[in-house]
Amino acid sequence: MAPAMERDLRMDNPLLHQDSLPQFMSIRPEHVEPALRQVLDANRARIGELATLGAPTFASVVEPLEELHHRTSRTWSPVSHLNAVLNSEGLRASYNACLPLLSAYQTDLAQSEPLYRAYRTIAEREGAALGPVQRELLEHAVRDFRLAGVGLPLERKERFKTAMLELAQLQARFEENVLDATNAWSRPVTDRDELRGLNEMLIEQARTRAAEQQAPGWILRLDQPTYVAVVTDAESVDLRRAFYEAWTTRASDRGPTAGRWDNSAVMEEILRRRHEVARLLDYPNYAQYALATRMAHSVDEVLGFLHELAAAARGAAQAEFAELEDFAGRKLAAWDVGFYAERLQRERFHVSQEELRPYFPLPRVLSGLFEVAEWLFGVRIRERSGTPIWHPDVRFFEISSAAGEPLGSFYLDAYARANKRSGAWMDECIGRKHLSSGTALPVAYLVCNFLPPGRERPALLTHDDVVTLFHEFGHGLHHLLTRVDYPSIAGINGVAWDAVELPSQFFENYAWHPQVLERISGHFDSGAPLPADQQQRLIATRSFHAGLSMMRQLEFALFDFRVHAEYAPERGGRILETLREVRSEVAVVPVPEWNRFPNSFGHIFAGGYAAGYYSYKWAEVLAADAFAAFEESGVFDRATARRFLEAILSRGGSRDALEAFVEFRGRRPDVRALLKQHGIDRAAPKQYDAEGAGEPA
Ligand SMILES: [Zn+2]
């Protein structure tokens with residue numbers, strides 16, 4: 001590139017404008033690398049100065065480093081976000097080109113001996129004079145230096161750095177394979193009969209898609225809402241089986257796109273690198289390494305916890321499945337379970353997710369959800385137009401205190417579309433900082449994959465979708481209501497990963513409360529809220545198949561934890577073997593041999609949940625127990641909400657997660673609140689006991 005052009009690009013590079021919200025639509029793939037290079041170069045120069053300061057202090061070293069942390073995250077966040085929600089060949093290439101730069105920078109920083117010494121000096125000399133938040137920050141930082149191999153001999157340090165870089169690349173590759181495999185498959189349908197049972201919205205969209213491609217009939221894509229709708233509602237066994245197979249074999253050696261984006265080798269490589277990283281630091285395995293920053297302390301503690309839940313839920317799960325086969329009148333395959341479960345639920349409770357959709361238009365759900373948050377935490381949430389977004393469907397909201405003090409803002413990208421990663425998540429766009437160098441308010445991305453609106457009706461949500469939205473919004477509150485001034489421990493940063501799902505799962509509870517249902521529902525034609533009897537029946541479904549769903553989550557969690565704890569270089573990852581062993585222990589529903597769910601298990605192979613999927617269950621115990629405190633004082637009790645905000649929600653990583661919980665609850669967490677919430681604290685129905693349904697809870 002010619003120097004003149006380079007200069008122009010730099011001056012106009014939207015990623016370098018950090019005094020406003022990201023200009024998403026101006027960000028081009030060619031901006032990415034120059035912006036990142038410039039920021040990292042400037043950071044490195046500054047770090048060089050800081051590392052050689054004679055008498056390091058919190059103000060002279062730590063604060064400036066927190067500022068650099070903020071700058072880096074602010075430059076990179078829009079890039080990694082766009083890569084997830086608006087993926088393109090060009091952006092993907094730029095993103096991948098930057099991974100080595102970013103990874104090398106992060107490792108160099110984390111392995112810097114002079115900085116490590118400076119932090120320890122500050123902790124020793126200044127520690128007693130600092131506040132608890134600052135002391136916690138120093139403790140975190142010193143721990144993280146150690147976990148990045150700061151004290152290692154040079155050769156091992158170098159190997160650590162290379163392994164981290166390779167991991168970043170392998171994880172990106174994993175995600176790309178899943179996205180490509182998902183995008184590649186669709187199901188053309190020419191016989192209307194095959195669509196029987198599916199909702200009209202989905203059928204209408206499938207017809208439009210076919211028309212756009214000048215194809216006859218309908219085209220069903222493999223996006224998440226379509227997959228879920230097909231396996232739950234389609235009467236055609238062929239269609240259900242085809243979707244189940246396509247979905248559970250994505251990026252693998254099996255199924256309709258077998259071998260084209262196979263993640264099997266990528267997964268092996270990821271496990272090998274993670275194990276190596278752990279060994280370099282003298283941890284026996286990656287699981288033990290990961291626990292160094294968690295609430296749980298040992299491999300046995302986590303496995304014991306998961307087995308305890310399995311023992312408690314097994315009887316209920318087996319009884320539920322036996323009952324479901326009775327109901328269907330035949331043996332069930334994996335792709336039948338959702339379908340018959342829906343029918344049984346409908347027969348028993350007269351509620352169906354699809355029939356609930358008209359009652360949950362997204363605008364109504366949002367305004368009800370906001371009211372709950374506003375009431376509990378004394379905030380105001382208002383939509384603002386005119387803010388730069390990345391897609392016309394995206395909306396932007398501001399959150400402020402009751403007195404009008406701005407607290408932060410968030411984007412909502414609600415609908416499924418091509419080139420967008422499936423699932424739902426909250427991520428940091430901008431983190432809160434309050435430093436002598438300046439102040440920034442937190443900004444969050446809330447991303448979901450709901451069925452989009454039609455031409456003449458709003459997006460209509462199932463109640464499952466509503467729960468998902470409350471979940472992500474709970475994460476959002478954690479990020480947005482933080483009062484911590486230092487980016488490295490504000491919001492969800494620095495929070496023990498097995499406690500990070502506490503606010504999200506806590507907030508889900510509100511999506512099930514009658515008074516909330518009253519406010520978030522309103523038929524999109526008549527505006528009428530969900531009738532009281534239907535509401536009661538919906539609430540009754542909450543513990544429906546709780547045993548089965550618990551066992552399924554435990555299957556994921558045990559698989560994840562065991563592959564990381566048991567890895568041995570001489571025999572490799574044993575991915576499928578471990579999966580088989582875990583299934584023989586906890587699976588209640590028969591799973592076909594060709595199911596390859598690990599190959600698309602992005603949480604653990606591409607995201608932050610490696611050896612951490614158990615966190616959902618771990619934090620669910622905290623969430624259920626915390627919500628029980630609300631139930632004791634009234635779920636809308638503002639004094640309790642204030643205590644929750646002050647002890648947990650606003651504190652980020654600035655204090656120990658267990659201590660925070662104990663402050664709020666007055667005691668340590670108790671697993672019984674969760675079992676009670678799921679209705680599996682009782683023994684399994686008597687008629688199944690004789691069949692050896694497993695040990696009692
Ligand atoms: Zn979550």
Using alpha carbons only, how many degrees (0 to 90, rounded to 10) separate the axis of helix 546-565 from the longest principal axis of the chain? 40
Measuring with a 1.4 Å probe in the full set of protein chains, what accessible area per residue, in whole Å², belongs to the chain? 41
What helix-only [θ] at 222 nm does the chain give? Using -39500 (n - 2.57) per DSSP H run of at least 4, over all residues, to the nearest 500, the answer is -17500 deg cm²/dmol
So, counting K/R as plus one and D/E as minus one, what does the shell of residues with Cβ under 12 Å around Ala629 add up to? -3
Just to confirm the number: angle between the C-alpha axis of helix 237-248 and the first principal axis of the chain, 0 to 90 degrees, nearest 10? 10
Once you charge only the Cβ atoms, +1 for Lys and Arg and -1 for Asp and Glu, what is the size of the charge dipole of the stretch 581-639 about its Cα centre, to the nearest 20 debye? 300
Assign unit charges at the C-beta atoms only (+1 for Lys and Arg, -1 for Asp and Glu), then state the dipole size of the stretch 352-420 relative to its Cα centre in Debye, rounded to the nearest 20. 180
Under 8 Å for C-alpha pairs, at least 6 residues apart: give me the relative contact order for the stretch 352-442, rounded to a whole percent. 16
With r as the distance between the Cβ atoms of Ala265 and Arg384 and R0 = 30 Å, compute the FRET efficiency 1/(1 + (r/R0)^6) and round to 0.05. 0.05
Radius 13 Å from Cβ of Gly608, net charge of other residues (Lys, Arg +1; Asp, Glu -1): -4
Length-normalised contact order of the stretch 467-536, Cα under 8 Å, at least 6 apart, in percent, tallies to 29
For the stretch 283-362, report the translational diffusion coefficient in µm²/s to the nearest whole number, using Stokes-Einstein at 37 °C, 0.692 mPa s, and a Kirkwood Rh over Cα pairs. 201
Determine one quarter of the surface area of the Cα convex hull of the stretch 500-577, which equals its mean projected area, and express it in nm² to one decimal. 8.2
How much accessible area does Trp425 have with a 1.4 Å probe, in Å² rounded to the nearest 10? 40
In Å, the C-alpha Rg and Dmax of the stretch 96-206 are 25.0, 77
Running Debye on the chain with equal point scatterers at the Cα sites and no solvent, what base-10 log of I(q)/I(0) appears at q = 0.11 Å⁻¹? -1.31
Kirkwood-based shape ratio for the stretch 582-630, expressed as Rg/Rh from alpha carbons: 1.12
Figure the gain on full extension for Asp12 and Thr439 (residue separation times 0.36 nm, minus the Cα-Cα span) and round it to one decimal in nm. 151.3 nm
What are the extents of the Cα atoms of the stretch 499-545 along their three principal axes, listed from largest to smallest and rounded to whole Å? 41, 22, 15
Over the chain, what is the mean sequence separation of C-alpha contacts under 8 Å (at least six apart), divided by residue count, expressed as relative contact order in percent? 16
Run the reach check for Lys676 against lysines, Cα to Cα strictly under 20 Å, same-chain hits fewer than 8 apart removed. What comes back? Lys617, Lys686
Amide proton proximity set for Leu220, modelled H, under 5 Å, gap of 5+: Arg187, Val189
Which value in nm describes the separation of the simple spin-label points at Ala639 and Thr190, placed 7 Å from the Cα toward the beta carbon? 7.1
Through the Karplus equation 6.51 cos²θ - 1.76 cosθ + 1.60, θ set to phi - 60°, convert the phi angles of the stretch 86-99 into ³J(HN,Hα) values in whole Hz; use x for Gly and Pro. 8, 5, 8, 4, x, 5, 4, 5, 5, 4, 5, 5, 8, 3
Under the √(5λ) rule applied to the eigenvalues of the Cα gyration tensor, what semi-axes describe the equivalent ellipsoid of the stretch 410-492? Give them in Å, descending. 30, 12, 10
Give me the angle, in degrees from 0 to 90, between the Cα long axis of helix 264-280 and the longest principal axis of the Cα atoms of the chain, rounded to the nearest 10. 40
Report the full-extension gain for the segment Thr121 to Trp375: residue separation times 0.36 nm, less the Cα-Cα distance, to one decimal in nm. 86.9 nm
Estimated FRET transfer efficiency (Asp108, Gln38; beta-carbon r; R0 25 Å; 0.05): 0.90
Subtracting the Cα-Cα distance from 0.36 nm times the residue separation, let me have the gained length for Ser60 to Leu101 in nm, one decimal. 12.1 nm
Accessible area of the stretch 250-389 with a 1.4 Å probe: how many percent of it is carbon plus sulfur? 49
Projected onto the charge dipole of the chain (unit charges on the beta-carbon of Lys, Arg, Asp and Glu, signs +1, +1, -1, -1), the Cα from Ile680, His479, Leu137 with the largest positive-side position is that of Leu137
Projecting the Cα atoms of Ala660, Ile27, Ala251 onto the charge dipole of the chain, where Lys and Arg contribute +1 and Asp and Glu -1 at Cβ, the residue farthest towards the positive end is Ile27
Modelled label-to-label distance, Ala128 and Ser26, 7 Å Cα→beta-carbon offset: nm? 5.2
What FRET efficiency comes out for the pair Ala403/Ala528, r = Cβ-Cβ distance, R0 = 35 Å, nearest 0.05? 0.50
Debye calc, one equal point scatterer per Cα of the stretch 207-365, no solvent, log10 I(q)/I(0) at q = 0.09, 0.11, 0.17 1/Å comes to -0.56, -0.80, -1.16
Simple spin-label model, 7 Å along Cα-to-Cβ: Arg668 to Arg156 in nm? 3.3
Give, as a single signed number, the net charge of other residues whose beta carbon lies under 15 Å from the beta carbon of Thr439, with Lys and Arg counted +1 and Asp and Glu -1. -1
Signed unit charges on C-beta, dipole axis of the stretch 262-357, positive-most listed residue Leu324, Tyr283, Leu309: Tyr283
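The values are calculated or read from the model by the stated rules, or taken from the named source; none is laboratory data. Small disclaimer: the values here were computed from a predicted structure and weren't measured. Reconstructed Cβ throughout: ideal geometry from the backbone, glycine too, with neighbour counts over all protein chains shown. Surface areas here come from the heavy atoms of the whole protein model, side chains and all, with no ligands, DNA or RNA. Shrake-Rupley method; radii C 1.70, N 1.55, O 1.52, S 1.80 Å.
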